[in-house]
1. Please determine, by comparing only the residues of region 17-40 that are touching a residue at least 24 places away in the same chain (Cβ under 8 Å), in a loop (DSSP other than H, G, I, E, B) and on the phi < 0 side of the Ramachandran plot, which one is farthest from the chain's Cα centre (by Cα).
2. Which members of region 223-265 meet the condition of being surrounded by fewer than 19 Cβ atoms within 10 Å (Cβ to Cβ), in contact with a helix residue (DSSP H, G or I) (Cβ under 8 Å, 6 or more places away or on another chain) and modelled with pLDDT under 70?
3. Quick one: in region 48-66, which of the residues that are over 18 Å from residue 232 (Cα atoms) and without any contact (Cβ under 8 Å) to a residue 60 or more places away in the chain is surrounded by the most Cβ atoms within 10 Å (Cβ to Cβ)?
4. Which pairs do you get when a residue that is crowded, with 21+ Cβ neighbours inside 10 Å, found in region 112-127, comes within reach of a residue that is modelled with pLDDT under 80 and not in a helix (DSSP H, G or I), reach meaning Cβ atoms under 7 angstrom, with the pair 6+ apart or on two chains?
5. Among the candidates 14, 49, 43, single out the residue that is at pLDDT 85 or above and more than 18 Å from the chain's Cα centre (by Cα).
6. If we keep just the residues of region 67-77 that are assigned to a helix (DSSP H, G or I) and in contact (Cβ under 8 Å) with a residue 24 or more places away in the chain, which is surrounded by the fewest Cβ atoms within 10 Å (Cβ to Cβ)?
7. Just to be sure, is residue 94 crowded, with 18+ Cβ neighbours inside 10 Å, touching a helix residue (DSSP H, G or I) at 6+ places or on another chain (Cβ under 9 Å) and closer than 22 Å to residue 249 by Cβ?
8. So in region 91-111, with the set limited to residues that are part of a loop (DSSP other than H, G, I, E, B) and in contact (Cβ under 8 Å) with a residue 24 or more places away in the chain, which one is nearest to residue 225 (Cα to Cα)?
């Protein structure tokens with residue numbers, strides 16, 4: 001993407017961002033919030049950057065602390081600098097990145113965007129329970145993520161958690177045919193950690209509800225990142241009001257939900 005196209009994309013993102021703020025934030029217009037979130041992801045990718053805590057928070061901080069007359073140029077210059085630094089030190093392969101993450105036990109919300117996979121109950125399980133606990137190799141974990149990405153099957157995996165006798169189901173057979181290796185381990189883990197979910201009440205789950213679940217996961221991910229940034233700012237000495245504003249949590253309802261998601265991992269189902 002050439003420079004003029006990127007700058008045009010920045011202006012498109014900013015127009016939607018300010019429109020969302022004028023409407024009162026995510027709690028006032030969920031569809032617009034989802035659109036802004038998608039544009040943010042595409043904006044970072046246009047610079048060759050993942051949508052990790054670091055880079056998402058960089059965008060938010062610039063937009064919230066820079067005048068509207070200057071924000072587009074500041075955003076372009078700062079993201080260009082970050083891209084140059086990031087790409088010069090970026091691991092050659094995703095497998096190398098996972099190997100480094102395993103050794104350092106890195107935050108999955110930083111690592112998963114870098115291997116181009118979203119944070120979801122299953123992808124987090126594979127990262128935390130398979131990779132970090134040395135159950136399987138980086139090559140096989142990356143292969144699992146690639147299968148998920150190629151088949152776009154996170155909604156189907158969610159539907160499997162709502163299926164009675166899942167191991168005898170056509171859905172399980174289909175997911176297994178995609179090359180997914182950790183589903184039996186995941187289902188055992190899921191049933192142990194989420195006993196309150198009654199599949200009998202959800203047998204008739206539809207594609208639409210699965211799509212809604214994927215959008216909820218997106219919102220949870222962003223709110224979790226926002227709350228992490230809020231805590232970091234407090235630790236750096238920012239006062240409560242300033243920390244909440246810079247992390248995008250000035251709205252009381254947004255702050256409440258971010259606090260809840262951060263402290264209760266059951267929301268990442």
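The values are calculated or read from the model by the stated rules, or taken from the named source; none is laboratory data. Predicted model, so just to flag it, every value in this text is computed and none were measured. Please note: Cβ atoms are built from the backbone with ideal geometry, for glycine as well, and neighbour counts cover all protein chains shown.
1. Of everything passing the filter in region 17-40, 27 is farthest from the chain's Cα centre (by Cα).
2. 234, 238, 259, 260, 262 - these are the residues of region 223-265 that are surrounded by fewer than 19 Cβ atoms within 10 Å (Cβ to Cβ), in contact with a helix residue (DSSP H, G or I) (Cβ under 8 Å, 6 or more places away or on another chain) and modelled with pLDDT under 70.
3. 49
4. 112/118; 112/119; 113/51; 113/52; 121/268; 121/269
5. Of the residues listed, the single one that is at pLDDT 85 or above and more than 18 Å from the chain's Cα centre (by Cα) is 14.
6. Here the residue is 76.
7. Spelling it out, it is not the case that residue 94 is crowded, with 18+ Cβ neighbours inside 10 Å, touching a helix residue (DSSP H, G or I) at 6+ places or on another chain (Cβ under 9 Å) and closer than 22 Å to residue 249 by Cβ.
8. Across region 91-111, the extreme among qualifying residues is 107.
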